[in-house]
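Here is the structure we will look at.
The values are calculated or read from the model by the stated rules, or taken from the named source; none is laboratory data. Small disclaimer: the values here were computed from a predicted structure and weren't measured. Don't worry about glycine lacking a Cβ; one is built from the backbone with ideal geometry, like all the others, and counts go over all protein chains shown.
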Amino acid sequence: MFPFEIPEDATLRSLVTKTFPETHARLVPASAGGAAYTIVLVLEGEASFTATVKGGEVVIREEEARERNLWVSAKASTAERFIEDWKTERRFVPKFAPAGDVILMSDPRILSRLLIASGKIEVALVDLDGERVSMTVAFGAAAKKTIDPDGADVTIEATVAVFEEILAGKLAPEDAIAEGRVTVKGKKLLAMQAALALAPLAAPKR
């Protein structure tokens, strides 16, 4: 099973400002890397946060840094739906622990792999309770531009059923793209680069 939980009383704000830094400190070793990375999280309708990641430490500020290596934008209401799911049905909680010691997307070893590329990616579920929900991520040179979730270089769309297969460890993200299990609009190479950068977080090979 995935090696951490979120508190029952967690709110969107406390998850970002308290749970995330504490979990990162517990699961990411200082040896993960000494370079500092700046990540901006925009929760539309709530607030913007800046996380400075260095090794096993994360410092959170409630602001939107101008200089950043990566940014993530999503509606606060979408994030809250996923938090509620974690506390109840747990459909969208990973059902496995990664094979190695890389557990979190905020691990500098993941960030360094991802930042080899540059671009803006929208990832969407097309049928979550009858709605399309998405988040947009920009990294590398693309992250230095104005934060705008529109105009992604590539859009990756999946059904809830395919997403659950990935979370169950039955389908690797790069295989989902290569096999056409997800819809890719735009720069497919960028989508593959991102999927391969996240490969250490995948389920152990069976």
query: Which members of the range 151-205 meet the condition of being assigned to a helix (DSSP H, G or I), within 20 Å of E89 (Cβ to Cβ) and among the β-branched types (V, I, T)?
result: V160, V162, I166
field: Selection within the range 110-150 - charged (D, E, K, R), touching a residue at least 60 places away in the same chain (Cβ under 8 Å) and surrounded by 16 or more Cβ atoms within 10 Å (Cβ to Cβ)
entry: R113
query: Is there any pair linking a residue in the range 168-188 that is free of Cβ contacts under 8 Å to residues at least 60 places away in the same chain and of a type in the set (K, R) to one that is surrounded by 14 or more Cβ atoms within 10 Å (Cβ to Cβ) and part of a helix (DSSP H, G or I), with Cβ under 7 Å and at least six apart or on different chains, and which?
result: R181/V162
field: Matching residues, the range 24-67, being touching a residue at least 60 places away in the same chain (Cβ under 8 Å), aliphatic (A, V, I, L, M) and not in a strand (DSSP E or B)
entry: L27, V28, A32, A35
Some residue of the range 55-69 being surrounded by fewer than 15 Cβ atoms within 10 Å (Cβ to Cβ), under 27 Å from V160 (Cβ atoms), of a type in the set (D, E) and out of contact with any helix residue (DSSP H, G or I) (no Cβ under 8 Å at 6 or more places or on another chain): no
message: Tell me the residue from A138, A143 that is farther than 28 Å from P204 by Cα and either part of a strand (DSSP E or B) or modelled with pLDDT of 95 or more (or both), please.
response: A143
query: Restricting the search to the range 1-56, which residues are farther than 20 Å from A143 by Cβ and in contact with a Pro (Cβ under 6 Å, 6 or more places away or on another chain)?
result: F2, A32, G56
- request: Could you pull out the residue among F82, F4 that is without any contact (Cβ under 8 Å) to a residue 12 or more places away in the chain and under 27 Å from D129 (Cα atoms)?
  value: F82
